[in-house]
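What follows is a set of notes on a single structure, which appears directly below.
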Amino acid sequence: MATEDDDTVFPSAESLASVPLADAPILLFICFHKALRSELSELRQLAAAASESDSNGQELLLELRQRFEFLKLVCKYHTAAEDEVIFLALDVHIKNVASTYSLEHESFNELFNSIFHCLDVLLEEEKNISKPFQELICCIGTIQTSISQHMLKEEQQVFPLLMQQFSSKEQGSLVWQFICSVPVILIEQFLPWMMSFLSLEEQLDVTHCIKEIVPGEKTLLEVVNSWLGNDDQPSCGSYTSVGKDIQCPDGCADMRGKLKMHLSKWSFSENWNWIKARFIQTDVGQNPIHCLNIWHGAIRKDLKEILEELYQIRSSGCFSNLDSIVIRLKFLADVLSFYGNALKTFFYPVLNQLANCCPPPSDEQFLNGHHIEGLLLLLQYNPQNGISLCLFLENLCRELESFLLEVNKQFALQEMEVFPIISKNCSHELQQRLLYMSLNIMPLGLLKCVIMWFSAQLSEDESRSILQSVKQGDSFVNKSFASLLHKWFQTGYSGKTSIEKLREDLQSIFKSRCSFISEQIKEVFGSSSLALGMKLPEGSNPGPTEPPSANKGSNCFSSSSSPHTAKKYETSYSSGINLHIFFPETVKIINPFPKFPGDGGSSSIINEPKPVDIIFFFHKALRKDLEYLVSGSAQLAENLGLIIDFRRRFDLIRVLYQIHSDAEDEIAFPALEAKGTVQNISHSYTIDHQLEVEYFSRISLILDKMYELQVSISSADSNTQDQRMLNHHQLRRRLHDMCKSMHKSLSNHIHREEVELWPSFRESFSIEEQEKIIGRMLGTTRAEVLQDMIPWLMASLTVEEQHTLMSLWRKAVRNTMFDEWLGEWCEEYDVAKVVEESSISPSWTADPLEIISTYLAKEVINEENEGIIAEKKSDFPQRDHVDSDVETFRNCDVDDKEKDLNRDENNYECSVCTKLSSDSDKKRCCEVADATDQTDKSGQDFQLPKSSLRCERLLTMNQEDLEATIRRVSRDSSLDPQKKSYIIQNLLMSRWIVRQQISHPVSSNGEDIPDQHPSYQDHLKLTFGCKHYKRNCKLLVACCNQLYTCRHCHDEVADHSLDRKSVTKMMCMKCLKIQPIGRSCSTVSCDNFSMAKYYCKICKLFDDEREIYHCPFCNLCRVGKGLGIDYFHCMNCNACMSRSLSAHTCREKCLEDNCPICHEYIFTSTSPVKCLPCGHVMHSTCFRDYTCSHYTCPICSKSLGDMQIYFRMLDAQLAEEKIPDEYAGITQAILCNDCEKKGAAPFHWLHHKCSCCGSYNTRLT
């Protein structure tokens, strides 16, 4: 397990540690994981030691570079083997598991490049290397963390699946294919290197496992044993090292020492003096290098024959041999790739030294990589791209003609300029070494096929010469390996391996996963003619269809391949690995991932927004804050005072990301898996989320330590202070390194989600389904979190993106009170209200008379305006402008994209989002709020004229005017039923309210207000409150101008209901002072005395004993721990529900109705509510009383539960009843209330059974 100070390494999966390799050979890769973790840890320690060392810095840096180059090469082959061997095999059994791991592999190359960049900077710099060294250590930590996390995920998900889906023998075949696909020169170093990190017991286990998976060939087993370090035979690389006097120590414990010396095996320029002294000569006889001329001839011959066969196919129109030709070309392309690499790695460095450092032009050294890559890309033919076989054949002929001309040109250059120089100046021994190393640069599986193919091309004299050369090399190369090459050469030349067997091997090796030529050929020849939609190119002569054996007289590979009979997973070489290593861009073209709409910027999302794009906007904000963590952690070194702000920002990111991850794991990912189109795709991301929790925890722990040290530094003495400053500096470095690692890891995670997952959401789900998913994710988000999340999101988005986000958000929550909540919350920051004035909730206004005045008769309003407009303008100077913006926004159609996006100045979303994203605007809002408070306190003179005018109008208003106003309200379609009821109630009570305000005027100092004394919930314990709530304050009710402990206390004695949101003042029960409502008492004597543990600014609710939360979608306070904890909000039902009811019957706005039994409005009711199976609701007490005599829903008549026992009782009762003869055989048409199907039932005066579902809950039709 990782230690407390180990910030980068994730531990390996312990569940696999006890499984022996004999039972699961695939776990050999776990040994590689262990070696890779240990090597990265050692390299980080070595870099740290080099940063503190004053001597041998250059040597340490060179050693670091060599070891990282080796590690990069090993990782490249390992990841390529996983992508092309392991993952492809797993994908046959379980789809979509491995694709995300392949995406992760793409990021490894960038991580290694960042390390090499740091090393280059350090090697060039001589002074001021402290900062580059720290950057290097940070980069090593980043790659260490990323790779360790990747390997841990594989151990938790991929390898258990491989063990489950594949037998031990099949696993061994996959491991052997990996070994045979890595170049010999690398595998003979990789295996000892890996073994050096294992315990003795693990080494024996690995040795036994490899012996079991190696095919039953004694010589081959001896070669593998020599690679494992079990004998003292020399390796090919050991003699191309730094000198003849170096002796490599024996034993696995010293393998890393061997590796250090072998890493420079390709540096001929560094070792040229030793090579020149031993291997350069001026007079030689027969030269081994001449065998390369034979090699060139064999390649030329095969390419020419293939081109001739393509011409024959084009002229005859018979495509039966095309698949075999494509496989032969892939084989030759692989051969030329490795041959060109051998020339570049071994021959040209020698040639450069012999030619006095005057290398030939780079484009003349050998085939340009683009030539081979272009041919390979063309060979990955896929008819799904819309290209016919005829067009493919024409392109292939043209490409091969050009390719053959280039090969002839390059081969002629080698034979005339390169080989003569080497033949003249190099000894036989050096030439043989160069040839052996050229063979060793090939993978073992490909090398066997190449030797078999090449030896079959030779004459008797050529064969004897090459065999003699192989025997002469036994003295300086691995004897077992030389014997194996000799055996393969003899087998190929003697013809012991049949053409059919060799053809099958090539077929299984080079048959691409993306090639469908064979399948299309079968389709074509399965029909009566070739003319099924396939047009021949102009100038070709379609001839009769020939049998597959028409060309059997040509080269041994030219006949059509026989049916593939090789067993599954027994391929000894994967050509796809070579494609990954040499031509990675071709792999991306062949197997592209879907492009995320946001890759080209957010314009595509803005133009075609979908609800799921809310996730993209969250990702954008998260990326911005991850960048802040990196830059902010670096700034802590310059300003220690920033740690509090940094910690606050970090905690916000942590909370938001945790909520986002939980929503994905619990809602989004299960929905995608349940869709069925892309199963098994999300589990890797769930593991990421679990590991990322560890990231945040470790950073939080470091921040805690830093804060404690910073607090203690100021009070410490000088000696202790220096030590603590040093510790603080070390913690800052660790923090910065971890922030960079987390930034890289989370950014890659987000990128993979956007590339792989979210396009599936956009394509697999309809708009309604996406809105439901987003709604469920938002429904688990608490109001407090939304208050932090919304400004955080807006600060990272452009104006257009803010429009798009809020439009998508509002559509997803359109059935809820979210707009109302958002407006009330924004009102605290002096931001414009969310909804237009016509639909503003009456609860937003402090004085009920102001609500009534809005709906008075026209002539009354006109008279009021003359005396009130000036007063409003003086109190609220920006009101008219804000209301115009709000009205423009509220009247716009949410489905009209162009209106939403083009209304920059008059759109509410823009103005709200911009203000929320600006700190300066927030400060200005606070200043305006303070000024308003001062106006409320000092501007008492302005209230009297307005109140007097209203009172006068209302008292002189006749009954006809009042009824006309009530009819206007009733006809107003912009108001929902709840708002209409509230306004009508206040209109009916308006005269009483006026008289109450006249008889009980509000006093600014709180005098002359009744009940200005404390109330107690428990008189013995002197606990403040009432029978409804425990709290330390009373509410000043504006409509009655009296003090009540809570709204229920008011409603019990008054003949009207209190709008809790209209309350603006309270009385502290400790000091008895009336003051603006707030969480604590504002008087000095009370010293911030808390009014209650829970306080809601919107609902004006205080409670000191229960767990309560405010739902932003109900815009009410509910009893419970909170959204996402024990409740969630269903956007369609517009109701908070227990999380156990995540699967329920949805009915739109089901709570915004009256109880069908007692007719109380359910949405604001304080009584428990029962949700029925049909989706309707009623009070729990009403349900208990109702079900005493009924079993069907009073609204839809469906059964209220499982009534099978009752129905069986009715079956028994009807079986005993005797129907009169005149009614026997008569049936009645019925409709079942439960299954809603029509049918017929035997005649009965009361009971009729449904023939479909067996229910008696039916009615006659």
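The values are calculated or read from the model by the stated rules, or taken from the named source; none is laboratory data. These numbers come from a predicted model, not from an experiment. Neighbour counts run over all protein chains shown; Cβ positions are idealised from the backbone, glycine included. These accessible areas exclude ligands, DNA and RNA; they are computed on the full protein's heavy atoms, side chains included. Shrake-Rupley method; radii C 1.70, N 1.55, O 1.52, S 1.80 Å.
Identify the residue in segment 286-328 that is among the β-branched types (Val, Ile, Thr) and open to solvent by less than 20 Å² (accessible area, probe 1.4 Å) and, among all such residues, is farthest from the chain's Cα centre (by Cα).
Ile289
Every residue, every condition in (1) over 20 Å from Phe87 (Cβ atoms); (2) open to solvent by less than 10 Å² (accessible area, probe 1.4 Å); (3) in a loop (DSSP other than H, G, I, E, B), yes or no:
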{"residue": "Leu123", "(1), (2), (3)": "yes, no, no"}
{"residue": "Cys138", "(1), (2), (3)": "yes, yes, no"}
{"residue": "Gly141", "(1), (2), (3)": "yes, yes, no"}
{"residue": "Ser173", "(1), (2), (3)": "no, no, no"}
{"residue": "Ile187", "(1), (2), (3)": "yes, yes, no"}
{"residue": "Thr219", "(1), (2), (3)": "yes, no, no"}
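Could you please find all residues in segment 450-461 being open to solvent by 10 Å² or more (accessible area, probe 1.4 Å), under 21 Å from Phe331 (Cβ atoms) and either assigned by the TED database to the domain that holds Ile187 or in a helix (DSSP H, G or I) (or both)?
Ile451, Met452, Phe454
Of the conditions (1) surrounded by fewer than 21 Cβ atoms within 10 Å (Cβ to Cβ); (2) among the small types (Gly, Ala, Ser); (3) modelled with pLDDT of 85 or more, Ser51 satisfies every one except a single condition; which number is it?
All conditions pass for Ser51, except number (3).
When you check Glu39 against the structure, is it among the acidic types (Asp, Glu), open to solvent by 20 Å² or more (accessible area, probe 1.4 Å), assigned by the TED database to the domain that holds Met163 and out of contact with any Asp or Glu (no Cβ under 6 Å at 6 or more places or on another chain), yes or no?
When the stated conditions are applied, Glu39 does not pass them.
Within segment 1057-1106, which residues are at positive phi and in contact with a helix residue (DSSP H, G or I) (Cβ under 8 Å, 6 or more places away or on another chain)?
Residue satisfying the conditions is Lys1100 alone.
I'd like the full set of residues that are in a helix (DSSP H, G or I) and either modelled with pLDDT under 85 or farther than 11 Å from Asn1257 by Cα (or both), limited to segment 1207-1240.
Arg1208, Met1209, Leu1210, Asp1211, Ala1212, Gln1213, Leu1214, Ala1215, Glu1216, Asp1221, Glu1222, Tyr1223
With respect to the numbered conditions (1) at pLDDT below 85; (2) surrounded by 15 or more Cβ atoms within 10 Å (Cβ to Cβ); (3) under 26 Å from Pro443 (Cα atoms), which one is the sole condition not fulfilled by Ser337?
(1)
Output the residue which, of all residues in segment 1128-1186 that are of a type in the set (S, T, N, Q) and in a loop (DSSP other than H, G, I, E, B), is surrounded by the fewest Cβ atoms within 10 Å (Cβ to Cβ).
Looking at the filtered set, the residue picked out is Thr1166.
So which of Asn680, Asn591, Asn607 is more than 23 Å from Met789 (Cβ to Cβ), open to solvent by 10 Å² or more (accessible area, probe 1.4 Å) and either at pLDDT 90 or above or in contact with a Lys or Arg (Cβ under 8 Å, 6 or more places away or on another chain) (or both)?
Being more than 23 Å from Met789 (Cβ to Cβ), open to solvent by 10 Å² or more (accessible area, probe 1.4 Å) and either at pLDDT 90 or above or in contact with a Lys or Arg (Cβ under 8 Å, 6 or more places away or on another chain) (or both) holds for just one of Asn680, Asn591, Asn607, which is Asn680.
If we scan segment 689-701, do we find a residue that is more than 30 Å from Arg724 (Cα to Cα), surrounded by 15 or more Cβ atoms within 10 Å (Cβ to Cβ), of a type outside the set (A, V, I, L, M) and touching a helix residue (DSSP H, G or I) at 6+ places or on another chain (Cβ under 7 Å)?
yes
What number of residues within segment 1163-1218 are touching a strand residue (DSSP E or B) at 6+ places or on another chain (Cβ under 7 Å) and within 16 Å of Cys1232 (Cβ to Cβ)?
Total meeting the criteria: 5.
Would you check which residues across segment 635-674 are within 20 Å of the chain's Cα centre (by Cα), farther than 16 Å from Leu793 by Cβ and small (Gly, Ala, Ser) and list them?
Scanning segment 635-674 gives Ser661, Ala668, Ala671, Ala674.
Considering only residues that are of a type in the set (A, V, I, L, M, F, W, C) and open to solvent by 30 Å² or more (accessible area, probe 1.4 Å), look in segment 13-36 and name the one that is modelled with the highest pLDDT.
Ile30
Looking only at segment 231-252, decide whether some residue is surrounded by 18 or more Cβ atoms within 10 Å (Cβ to Cβ), closer than 30 Å to Val350 by Cα and at pLDDT 85 or above.
no
Filter segment 621-662 for residues that are open to solvent by 60 Å² or more (accessible area, probe 1.4 Å) and basic (Lys, Arg) and give the result.
If the condition is that a residue be open to solvent by 60 Å² or more (accessible area, probe 1.4 Å) and basic (Lys, Arg), then Arg623, Lys624, Arg648, Arg649, Arg654 are the ones that fit.
Tell me, which residue of segment 157-167 that is open to solvent by less than 50 Å² (accessible area, probe 1.4 Å) and either among the polar types (S, T, N, Q) or not in a helix (DSSP H, G or I) (or both) is nearest to Phe510 (Cα to Cα)?
That would be Phe166.
Against the condition closer than 24 Å to Lys127 by Cβ, open to solvent by 40 Å² or more (accessible area, probe 1.4 Å) and over 27 Å from the mean Cα position of the chain (by Cα), how does Glu69 come out, does it pass?
So Glu69 does not fit the description; no.
Can you confirm whether Glu1105 is under 22 Å from Cys1046 (Cα atoms), in contact (Cβ under 8 Å) with a residue 60 or more places away in the chain and more than 40 Å from the chain's Cα centre (by Cα)?
Yes, satisfied.
Give all pairs with beta carbons closer than 7 Å in which a residue from segment 786-799 that is open to solvent by less than 10 Å² (accessible area, probe 1.4 Å) meets a residue that is in a helix (DSSP H, G or I); count only pairs at least 6 apart in sequence or on separate chains.
Between residues of segment 786-799 that are open to solvent by less than 10 Å² (accessible area, probe 1.4 Å) and residues that are in a helix (DSSP H, G or I), the close pairs are Ile790/Leu916; Leu793/Phe617; Leu793/Phe618; Leu793/Ala621; Leu793/Leu805; Met794/Gln802; Met794/Cys913; Met794/Leu916.
Can you pull out every residue in segment 800-814 that is charged (D, E, K, R) and open to solvent by less than 10 Å² (accessible area, probe 1.4 Å)?
Once the filter is applied, which keeps residues that are charged (D, E, K, R) and open to solvent by less than 10 Å² (accessible area, probe 1.4 Å), segment 800-814 yields only Glu801.
Tally up the residues in segment 1004-1032 that are at positive phi and either open to solvent by 70 Å² or more (accessible area, probe 1.4 Å) or at pLDDT below 90 (or both), please.
So the answer is 4.
For segment 701-721, does any single residue satisfy the condition of being in contact (Cβ under 8 Å) with a residue 24 or more places away in the chain, touching a Cys at 6+ places or on another chain (Cβ under 9 Å) and over 30 Å from Glu763 (Cα atoms)?
no
Please enumerate the residues belonging to segment 468-494 that are in contact with a helix residue (DSSP H, G or I) (Cβ under 8 Å, 6 or more places away or on another chain) and either β-branched (Val, Ile, Thr) or modelled with pLDDT under 70 (or both).
If the condition is that a residue be in contact with a helix residue (DSSP H, G or I) (Cβ under 8 Å, 6 or more places away or on another chain) and either β-branched (Val, Ile, Thr) or modelled with pLDDT under 70 (or both), then Ser469, Val470, Lys471, Gln472, Gly473, Asp474, Phe476, Val477, Thr491 are the ones that fit.
Quick one: which strands (runs of 3 or more DSSP E) lie wholly within segment 1045-1108 and hold at least 1 residues that are open to solvent by 40 Å² or more (accessible area, probe 1.4 Å) and of a type outside the set (Val, Ile, Thr)?
Ranges flagged: 1065-1068, 1074-1076.
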